[in-house]
Amino acid sequence: MGLRKPTNINELAYHTQRPLSRKDEDDQSGFCHMWVFKPNCPSCGDGVLNKPKRKAKFFVCDKCGKDFPVDEMILISMGEYDCPYCEHHGEFEEEWVRTKTAKKFKFKCGGCGKALDVGKLSRK
């Protein structure tokens, strides 16, 4: 899988580095580094969408200045992980669905298929 890795923190909308543990245990034998790139402008194609304020409900293009509601943007989460169950080292790329009640991001291990939970992502 050709995973695109960040070169600068400023190109990310969200990111996190967290230990992963087995369900209902505190062993923390796994690890996950996860990121979400800022979306490109759907209008001009050249610009990158930024949030003017941390809790803003819209993104603003840095080139054309148009704004787009946060809920309408499709963001892709990417990351690398070490599974705490089978010690598989893998990568993932999935759509990141943002909800007000979601505290964790969930994905499945490519080795054993178990569901892995990553704690809430941090904003840049």
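Applied to the range 104-116, the Karplus parametrisation 6.51 cos²θ - 1.76 cosθ + 1.60 on θ = phi - 60° returns per-residue 3J(HN,Hα) values of 9, 9, 10, 8, 9, 5, x, x, 9, x, 6, 6, 10 Hz, with x for Gly and Pro. Projecting the Cα positions of Val70, Ala115, Met34 onto the charge dipole of the chain (unit charges on Cβ atoms of Lys, Arg, Asp and Glu, taken about the Cα centre) puts Val70 furthest along the positive direction.
Working from Cα pairs under 8 Å separated by at least six residues, relative contact order for the chain is 25 percent.
For P(r) over Cα pairs in 5 Å bins from 0, in percent, the candidate list reads (i) 2, 11, 15, 15, 12, 9, 7, 6, 4, 3, 3, 2, 2, 2, 2, 1, 1, 1, 1, 0, 0; (ii) 2, 9, 16, 17, 17, 13, 12, 8, 4, 1, 0, 0; (iii) 2, 11, 20, 21, 17, 12, 8, 5, 3, 1; the entry that matches the value derived from this model is (iii). Within the shell defined by Cβ-Cβ distances under 14 Å, the residues around Asp46 carry a net charge of +2, with Lys and Arg each +1 and Asp and Glu each -1. When only the Cβ of Lys, Arg, Asp and Glu is charged (+1, +1, -1, -1), the dipole of the chain relative to its Cα centre reaches about 720 debye.
Laboratory data are not the source of any read-out in this text; all were calculated from the coordinates shown. Keep in mind the model is a prediction, meaning the values are calculated, not measured. Heads up, the Cβs are rebuilt from the backbone with ideal geometry, glycines too, and the neighbour counts pull from every protein chain shown.
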